[in-house]
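The values are calculated or read from the model by the stated rules, or taken from the named source; none is laboratory data. Everything numeric here is computed off the predicted structure, so don't read it as measured data. A quick note on method: Cβ atoms are made from the backbone with ideal geometry, for glycine too, and the neighbour counts reach across all protein chains shown. The protein model used for the area step is the full one, side chains on, heavy atoms only, and it has no ligands, DNA or RNA in it. Shrake-Rupley method; radii C 1.70, N 1.55, O 1.52, S 1.80 Å.
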Amino acid sequence: MSTTPDPNLRPWLVRIPEIFEGIAEDILKRFGATSITRLGLDFYSIKTATPKLIHTSEAAKFARWNLPLDHSWPCNAQKMDGFIEKAAQTLLKKFGERSPQAIYIGLLNPTSPDKYYRSLASNLRGRVITLFPKSAIATVEDQDPTKATLFCLVGKEGLFCGMQSPRLSNGLYPGGSKYIDQDSPDIISRAGAKIAEALHYLLMHHPAMPAGSHWLELGACPGGMTSELLARSQRVTAIDKAPLDKRLNGKPGLKFVHADVATFEPAPVTSYDALLSDLNGPPEESIDHVLRLSKWLRKRGLVVFTLKVPRVDTVDEPCGFFRRIVETATEGGLRLFAQTHLTYNRHEFTLFFSKA
């Protein structure tokens, strides 16, 4: 007996970070997934009649990136003659009249050392953009977050493509944010990659922080995030009981206060454009420190807050933590406007607030 496909089911690509692998099936079922196929390390192809839940449900915070699968081509590109030309012509036929604002092609396994698919993605994009009308978008960060981009991902599993705005996809790059390598011996700590990626992600929701913006950083030691902010021409007042890395000594724009965040109090006339908290310890204590010190934030000032939760073994427990912290922040005069799970986040989420 033949089964008629459900016309309401939509194919969708969802990226669940590998650290949430143990609860991935539950997350996807909360998006209404009726079928689940794993692609690469942390991508999943699903079919759902309720794709809106991917963006609006509580479980959405676990999805780093998503895309409607308008075109899927399961194949082994490495063993196929003429793959690039065949794929490029197909993309033109399927998406040419939809006028994407830009075209970006990435990898299903972005951290893989295999250079073949990295080269394939680059060459395929090069061919595709010669076929489509010239785009006015010069760089990835120039995209309008609200306009549709043609995103494609390629790997040993095949080619998977769709059109959606970066904001709905939850990232300007195919697959999410740009991977930032922080393994160099000159890097103070890999925490710098978190703030670099966070500021990149922030562009979808908030204007870039102007040069000279003044940040208050809580728990700054050893200074990975401090270093990254200074490199972006920001000013930083860094607070910690432990000293910063000596490589930061004398850096222009840096003021280090050797103090406990719990007792630190800025001078009455001081004001900050942004507040950064990557504090360890109970999240309830961390948000209390942020709220107390947010009195020195300028109106509509930015807060970048790392919500660190206990080990994630279920969907509901971290959602409960998230809900309580956001309620506390809202009562204290902060408005949540975006949240994500960054590449270097583990059992934690990065939340973005503005001062009401």
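A few points about this structure:
- Any hit, the stretch 175-185, residues being part of a strand (DSSP E or B), open to solvent by less than 10 Å² (accessible area, probe 1.4 Å) and modelled with pLDDT of 90 or more: yes
- Any chance Leu291 is outside any loop (DSSP other than H, G, I, E, B), within 23 Å of the chain's Cα centre (by Cα) and modelled with pLDDT of 95 or more: no
- Residues in the stretch 286-331 that are farther than 24 Å from Ala59 by Cβ and hydroxyl-bearing (Ser, Thr, Tyr): Ser294 alone.
- Per this entry, Phe322 is not counted among residues that are modelled with pLDDT of 95 or more, in a strand (DSSP E or B) and within 30 Å of Glu25 (Cα to Cα).
- Test result for Gly219, at negative phi and not hydroxyl-bearing (Ser, Thr, Tyr): no
- Condition check for Glu317: out of contact with any helix residue (DSSP H, G or I) (no Cβ under 9 Å at 6 or more places or on another chain) and open to solvent by 60 Å² or more (accessible area, probe 1.4 Å): yes
- A residue that is in contact with a strand residue (DSSP E or B) (Cβ under 8 Å, 6 or more places away or on another chain) and at pLDDT below 95 occurs somewhere in the stretch 77-94.
- Complete set of residues in the stretch 326-337 that are assigned to a helix (DSSP H, G or I), surrounded by 13 or more Cβ atoms within 10 Å (Cβ to Cβ) and over 20 Å from the mean Cα position of the chain (by Cα): Thr328, Ala329, Thr330
- Within the stretch 266-278, tally of residues that are part of a loop (DSSP other than H, G, I, E, B) and of a type in the set (A, V, I, L, M): 2
- Flag if Arg235 is open to solvent by 30 Å² or more (accessible area, probe 1.4 Å), modelled with pLDDT of 95 or more and either of a type in the set (Lys, Arg) or under 23 Å from Arg300 (Cα atoms) (or both): yes
- Filtered residues of the stretch 279-288 (kept if within 16 Å of Arg346 (Cβ to Cβ) and either in contact with a helix residue (DSSP H, G or I) (Cβ under 6 Å, 6 or more places away or on another chain) or assigned to a strand (DSSP E or B) (or both)): Leu279, Pro283
- Qualifying residue in the stretch 187-209 (condition: more than 30 Å from Leu293 (Cβ to Cβ), part of a loop (DSSP other than H, G, I, E, B) and open to solvent by 10 Å² or more (accessible area, probe 1.4 Å)): no
- Enumeration of residues in the stretch 22-50 that are of a type outside the set (S, T, N, Q), without any contact (Cβ under 8 Å) to a residue 60 or more places away in the chain, in contact with a helix residue (DSSP H, G or I) (Cβ under 8 Å, 6 or more places away or on another chain) and over 12 Å from Phe62 (Cα atoms): Gly32, Ile36, Tyr44, Ile46
- Each residue in the stretch 238-272 was checked for being farther than 22 Å from Glu228 by Cα and surrounded by 15 or more Cβ atoms within 10 Å (Cβ to Cβ), and 2 of them qualify.
- Test for Val304: is it in contact with a strand residue (DSSP E or B) (Cβ under 9 Å, 6 or more places away or on another chain), touching a residue at least 24 places away in the same chain (Cβ under 8 Å), open to solvent by less than 10 Å² (accessible area, probe 1.4 Å) and not in a helix (DSSP H, G or I): yes
- Candidate set from the stretch 122-142 (those that are under 26 Å from Glu197 (Cα atoms) and part of a loop (DSSP other than H, G, I, E, B)); member that is most open to solvent (accessible area, probe 1.4 Å): Ala136
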